[in-house]
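Beneath this line is the structure, given in structure tokens, with notes to follow.
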Amino acid sequence: FQIGGRIMVVPIAGGEARRLLDGQAVMAIQWLSPTELLVVDLDGNRLTWLDPEGGNSRTRPIARCALGMWVPELSQLICSYNRTAQLIDPESGARSAIRLTKPDGTPAGLLVGTAFRVVDRRYLVYLGADGSLLATRYDPSTQLVQRSVTLTTGIRRESIGEGQYDLTANGDLVYAPG
């Protein structure tokens, strides 16, 4: 959990909370596994992998990534950048935009939305400007998406654009209405 910029962990069985990181302007926190936590802070300019048991952590400066989510299949972050979908490779520093596809299959404009999630390496789920949860077919090799379809409406969105939804490992959708 987060208190101010501090990233904390507490055992499920109870006990004292322990500080893992003194972050600054934390933008995202994500559990990658029971033994690894990912934090994007410094207003989206630093990525830190943490071991909640106190083992080694590693940090990388990154191109600005607002509200990033780790995509393990790609070893990249998918981020909202000026309300567009961007992928950031923390190892190389490369940034690439996800684009729409024209009817002839060539790249078109940028995909607009927030709260992007890659699902099964072939779909992209995200929040539209009106609070609709959208999904589209996604090709990670070309960074192109197809026509989007609406999954549901009325997802809560915070003022900075983050959508209050998530997908479970078995595909269930959990969200806060709003």
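Quick look at the numbers
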{"read-out": "Quotient of C-alpha Rg and 2.2 N^0.38 Å, computed over the stretch 1-157", "value": "1.12"}
{"read-out": "Integer Hz, Karplus 6.51/-1.76/1.60 couplings in order for the stretch 93-105, x for Gly and Pro", "value": "x, 5, 10, 9, 8, 8, 10, 6, 10, 6, x, 8, x"}
{"read-out": "Dipole magnitude of the chain about its Cα centre (Cβ charges: Lys, Arg +1; Asp, Glu -1), debye to nearest 20", "value": "440 debye"}
{"read-out": "Peptides 149-155, 36-42 ordered by average Cβ neighbours within 10 Å, highest first", "value": "36-42, 149-155"}
{"read-out": "Gain upon complete extension [Arg156, Asp120; 0.36 nm per residue less C-alpha separation]", "value": "10.5 nm"}
{"read-out": "Table column - 3J(HN,Hα) (Hz), the stretch 19-29, Karplus curve with 6.51, -1.76, 1.60, x for Gly and Pro", "value": "7, 9, 7, 8, x, 9, 6, 5, 9, 7, 9"}
{"read-out": "Computed P(r) (all Cα pairs; the stretch 9-53; 10 Å bins; percent)", "value": "27, 51, 20, 2"}
{"read-out": "Interchain or long-range residues, amide H under 5 Å from Tyr123's placed H", "value": "Tyr138"}
{"read-out": "Potential extension, Ile3-Leu173 segment - 0.36 nm per residue separation minus Cα distance", "value": "58.5 nm"}
{"read-out": "Built amide H within the under 5 Å cut-off of Ala85, gap 5+", "value": "Ile98, Leu111, Gly113"}
{"read-out": "Of all accessible heavy-atom area on the stretch 87-178, the percent that carbon and sulfur account for (1.4 Å)", "value": "51 percent"}
{"read-out": "In nm, spacing of pseudo-spin labels at Arg60 and Ala135 (7 Å Cα→C-beta vector)", "value": "2.9 nm"}
{"read-out": "Calculated FRET efficiency for the pair Asn82/Gln146, C-beta based, R₀ 22 Å, to 0.05", "value": "0.50"}
{"read-out": "Heavy-atom surface of the chain, accessible at 1.4 Å and reported per residue (Å²)", "value": "54 Å²"}
{"read-out": "Spin-label pair Ser75/Thr35, simplified geometry with 7 Å Cα→Cβ offset, distance in nm", "value": "1.8 nm"}
{"read-out": "Order by protection proxy (mean Cβ within 10 Å, highest first), peptides 46-52, 169-175, 105-111, 84-90", "value": "84-90, 46-52, 105-111, 169-175"}
{"read-out": "Note, ³J(HN,Hα) from phi for the stretch 59-68, Karplus 6.51, -1.76, 1.60, rounded to Hz, x at Gly and Pro", "value": "10, 9, x, 9, 5, 3, 10, 7, 6, x"}
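The values are calculated or read from the model by the stated rules, or taken from the named source; none is laboratory data. In this text the structure is predicted, and so the values were computed from the model without any measurement. Glycine gets a Cβ as well: all are built from the backbone with ideal geometry, and neighbour counts include every protein chain shown. Surface areas here come from the heavy atoms of the whole protein model, side chains and all, with no ligands, DNA or RNA. Shrake-Rupley method; radii C 1.70, N 1.55, O 1.52, S 1.80 Å.
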